[in-house]
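The values are calculated or read from the model by the stated rules, or taken from the named source; none is laboratory data. For clarity, every value in this text was computed on a predicted model and none was experimentally measured. No Cβ is skipped: glycine too gets one built from the backbone with ideal geometry, and neighbour counts run over all protein chains shown.
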Amino acid sequence: MYLNGKRISFFSLFSLLFLLALFCSCAKQNYPIGRPFVYSNKVLLNGNLSKDEKNRLTTDLENYWDDSLKSRKVRQFFFFDRIKNPPVFDSTNIIRSISFMNAYLNSQGYYYARFKDSVNIDTFKDQLRTNIQMIIEAGKNVTIDSVSYTLSDSNLQRLTRKQEKNSLLKKGNPYSKGIISSELDRLVSLYRQNGYFRFTRDNIYAQVDSTDARLLALTLDPFQQAKLIAEAAKHRKENPAWDIDIRQRPVTDSAVIKPFYIANNYYYSETRPGDVTDSLIAQHGLGFYEIRRKEGILRYKKGLFNYRPLREHTYLRRGDLYNEDSYLKSINNLGQIGAWQQVDVTPVVRGKDSIDLYYFLIPAVKQSFTVDLETSLNRADIISGNTWGVSTNFSYHNKNVWKQAIQSVTTLRTGVELNLFSQTSDRLVQTFLLSLGHTYAFPRLIQPFKNWKALKALDNKKTLLSINGSYVDRRDIYRLRSLVTSFGYEWKVQKRNGDNLWLYKPLNLELYGIDKLDSLRKLIAINPFLRASFNEGNVLSQSLTLYRSVSNPNNKNKSHFIRLGVEEAGGLFGMIPDLTNNIYRYIKAEAEYKQSTKMGKTELAYRGFIGAGYNYGNDSVIGRTLPFFKQFIAGGPYSMRAWALRQLGPGSSLSSDTITTSRYHDRFGDMQIEANIEYRFPLTTIAGFKIGSALYADIGNIWNIKNNSADPDAQFSFSRLGRDLAIGVGTGIRIDFSYVLIRLDVAYKVKDPARLQNGGWMSLKNFEWTDTRQNGLKVDNYAFQFGINLPF
């Protein structure tokens with residue numbers, strides 16, 4: 001970094017900021033003098049437990065200390081904890097803590113735990129620090145010996161037996177109150193999915209039998225009886241197993257065991273926030289206009305909405321058997337269209353076995369206009385110094401086009417990329433961008449197969465139609481004009497442990513025109529392989545993408561995200577002779593996996609990405625690589641953070657570093673492999689804003705797939721994978737403003753494929769902040785990245 005012509009060490013600047021934060025976070029300790037206070041408390045859990053089970057139980061048990069025995073700590077100096085208002089130690093509170101912890105272990109199936117407390121008081125200056133340790137022998141977890149279902153109603157019994165394979169209670173599995181509760185919820189949900197509208201948790205219960213059958217044997221011998229009791233007690237501790245019987249409570253209301261059917265659907269599409277829904281129901285539609293259809297009745301006053309979007313997203317029709325899942329699905333889908341800000345449904349029983357469903361929908365604001373300002377900072381001496389990107393987005397949103405609840409978004413974007421503190425260029429504006437786009441989201445699937453039942457079962461169905469035109473002027477390099485239009489479908493498939501969101505575009509048309517300017521022409525003359533990337537051509541493609549979010553109901557602290565995508569271009573139209581020379585023909589696939597595990601206040605996050613594209617078109621005409629706007633890039637605040645944006649790769653090629661006749665050094669590739677790991681932890685809270693940090697490592701690179709004899713090091717090869725992989729490590733500061741997170745990261749190149757010395761690895765003995773290339777170019781071995789929100 002340069003200031004007034006002098007180079008300032010980023011390490012010194014970072015250290016100064018750290019010391020300033022250290023000074024600001026100092027606070028006076030507050031503890032009782034001359035009296036023992038709670039300094040620390042710890043749970044030590046022993047037993048034959050798996051590592052994950054032990055960690056889970058230990059973490060949960062820490063929350064069951066009595067409040068008077070909790071050592072409350074706050075983060076100070078960013079890395080150290082201090083005790084805040086520690087309570088005076090009282091030994092009687094240990095008994096209460098044991099009671100709380102034992103009750104928790106019982107709920108998890110551990111009924112034979114033994115507790116032992118250890119209290120140690122240390123003297124430090126005028127402090128009497130009390131360290132409390134709770135040593136717990138968990139004993140064996142109770143297992144399920146047998147499972148039975150005894151319901152008095154024959155229809156419910158038959159339905160239960162039919163779905164018994166889905167039971168959460170399995171012989172030999174660990175017993176817990178949680179699993180019992182989940183099984184009861186499953187059964188109630190099963191019954192309500194099959195019409196039993198009145199059935200609730202109060203109508204069913206679990207009877208648990210922990211009696212040892214040997215104690216039921218008749219004997220008059222007191223010694224034999226004592227022996228049986230001792231053997232039973234020993235057996236309970238060594239191999240505790242209980243019998244579970246799910247039973248139905250006596251029926252006091254016959255409606256509980258009666259299936260219900262949908263009588264009619266009533267839609268109030270213009271409900272006001274202050275309307276009393278019960279009054280609207282009692283008025284029987286007085287004062288409203290009506291549209292009557294076979295599936296339901298729409299009641300309105302202003303006529304803001306047509307009936308069709310309501311019908312498309314209602315999954316209970318007249319005459320259908322009541323289904324709780326379809327009931328909730330209708331509410332969620334209508335609420336997610338966007339035309340209504342709130343959707344409520346009131347079921348009203350009619351007669352003995354019928355239900356009317358009244359939908360009350362509060363319209364959202366139809367039209368809105370937003371203006372956003374975005375900024376980004378990328379520092380790279382390889383390009384021309386610092387680049388600062390500034391863009392403004394003007395968006396117009398209409399949430400009810402043509403009264404069909406169709407969403408439309410019109411976006412105008414303008415932006416520039418500026419050179420700051422440039423060493424090699426006196427041009428302030430490096431890039432200018434202008435784009436205009438319009439998108440329609442229809443709340444249904446526009447397709448010819450109207451009676452296809454599989455399509456009717458999909459959630460959040462949308463048809464997407466968009467068109468976007470843009471102009472990019474990369475000064476002295478190129479001018480790019482594009483027109484992109486696409487037609488596609490989006491839908492969701494709900495799973496028990498997560499949702500699958502699908503996006504299919506059967507038609508995607510991209511028209512491009514590029515003007516190569518002097519700097520780019522000189523660069524292509526030096527490196528002819530770049531001509532393939534910057535050849536003119538159009539794209540006519542189709543794509544399919546799957547977004548899958550996975551949640552573990554047994555471990556809410558762990559989440560997964562998977563993205564799979566494939567795009568194919570020119571497969572059919574590229575066979576037409578007149579189009580062969582103008583259409584790119586390629587196939588491109590991507591896969592991304594993210595995982596997050598929260599451990600108290602900290603979090604461990606992983607990410608893996610692999611992508612590849614292959615151009616099977618005419619090499620001599622349309623190019624040997626993917627078009628550059630479809631190629632992969634690495635570096636920047638969301639990728640390999642030790643490198644600036646587009647400044648890593650391809651492979652271990654040095655061609656971009658050795659070229660001095662052009663300011664353009666962006667790197668692109670047909671293939672990318674990347675993995676990231678990040679440990680996130682809180683530091684402190686200043687003025688109500690949460691300050692956090694992270695330690696992270698990035699590994700990866702980009703490559704070309706087809707061979708280029710002029711630059712063989714840019715091609716992917718398994719034999720060179722170890723040499724080509726780049727590695728960066730770093731840390732950073734994150735400021736959470738609730739609505740947005742600001743991130744400043746600093747990273748160092750531990751292994752740089754372009755570094756000639758030591759196989760690309762850094763040297764601890766000869767540590768350097770900069771590296772010198774063959775042509776004398778100075779390249780920083782570190783990078784500062786400014787980002788918005790988390791990188792992954």
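In segment 445-477, the qualifying residues are those that are touching a helix residue (DSSP H, G or I) at 6+ places or on another chain (Cβ under 8 Å) and outside any strand (DSSP E or B), and the one that is surrounded by the fewest Cβ atoms within 10 Å (Cβ to Cβ) is Phe449. Hey, could you check segment 238-251 for residues that are exposed (fewer than 12 other Cβ atoms within 10 Å of the Cβ) and modelled with pLDDT under 90 and say which is farthest from the chain's Cα centre (by Cα)? Restricting to residues being exposed (fewer than 12 other Cβ atoms within 10 Å of the Cβ) and modelled with pLDDT under 90, the top hit is Glu238.
Scanning segment 256-313 for residues that are in a loop (DSSP other than H, G, I, E, B), touching a Gly at 6+ places or on another chain (Cβ under 8 Å) and hydrophobic (A, V, I, L, M, F, W, C) yields one hit, Phe260.
Is it true that some residue in segment 692-700 is in contact with a Phe, Trp or Tyr (Cβ under 8 Å, 6 or more places away or on another chain) and closer than 28 Å to Lys588 by Cα? Yes; the residues of segment 692-700 include at least one that is in contact with a Phe, Trp or Tyr (Cβ under 8 Å, 6 or more places away or on another chain) and closer than 28 Å to Lys588 by Cα. Could you grab the pairs with beta carbons closer than 6 Å, sequence gap of 6+ or different chains, first residue in segment 170-196 and at positive phi, second one of a type in the set (A, V, I, L, M, F, W, C)? Partner pairs satisfying both residue conditions: Gly195/Phe260; Gly195/Leu321. Can you give me the number of residues within segment 252-269 that are surrounded by fewer than 19 Cβ atoms within 10 Å (Cβ to Cβ) and of a type outside the set (Gly, Ala, Ser)? So the answer is 6.
Among the residues of segment 761-781, those that are within 37 Å of the chain's Cα centre (by Cα), surrounded by fewer than 17 Cβ atoms within 10 Å (Cβ to Cβ) and part of a strand (DSSP E or B) comprise Trp761, Thr770. Number of residues in segment 726-742 that are farther than 20 Å from Ala697 by Cα and of a type in the set (Gly, Ala, Ser): the value is 1. If you go through segment 377-419 one residue at a time, how many are farther than 30 Å from Ser269 by Cβ and modelled with pLDDT of 55 or more? Result for segment 377-419: 14. Scanning segment 173-184 for residues that are in a helix (DSSP H, G or I) and within 15 Å of Asp245 (Cα to Cα) yields Lys177, Ile179, Ile180, Ser181, Ser182, Glu183, Leu184. All of Asp724, Asp713 fail the test of being surrounded by 15 or more Cβ atoms within 10 Å (Cβ to Cβ) and in contact with a strand residue (DSSP E or B) (Cβ under 6 Å, 6 or more places away or on another chain), apart from Asp724.
None of Ser152, Ser97, Ser148, Ser71 is assigned to a helix (DSSP H, G or I) and either outside the structural domain of Asn48 (by TED's automatic domain parsing) or over 30 Å from Gly195 (Cα atoms) (or both) except Ser97.
Number of residues in segment 464-479 that are under 19 Å from Thr411 (Cα atoms) and touching an Asp or Glu at 6+ places or on another chain (Cβ under 8 Å): the value is 1.
Within segment 735-760, being more than 30 Å from the chain's Cα centre (by Cα) and outside any loop (DSSP other than H, G, I, E, B) holds for Gln757, Asn758, Gly759, Gly760. In segment 720-732 there is no residue that is β-branched (Val, Ile, Thr) and part of a loop (DSSP other than H, G, I, E, B). The listed residues are Arg311, Arg272, Arg317, Arg299, and the only one of them that is at negative phi, of a type outside the set (S, T, N, Q), buried (at least 16 other Cβ atoms within 10 Å of the Cβ) and within 36 Å of the chain's Cα centre (by Cα) turns out to be Arg311. Only one entry of Asn131, Asn120 meets the criterion of being more than 35 Å from the chain's Cα centre (by Cα), over 26 Å from Val208 (Cβ atoms) and without any contact (Cβ under 8 Å) to a residue 60 or more places away in the chain, and that entry is Asn120. Might you check whether a residue that is closer than 14 Å to Arg641 by Cβ and within 19 Å of the chain's Cα centre (by Cα) occurs anywhere in segment 699-707? No: segment 699-707 contains no residue that is closer than 14 Å to Arg641 by Cβ and within 19 Å of the chain's Cα centre (by Cα).
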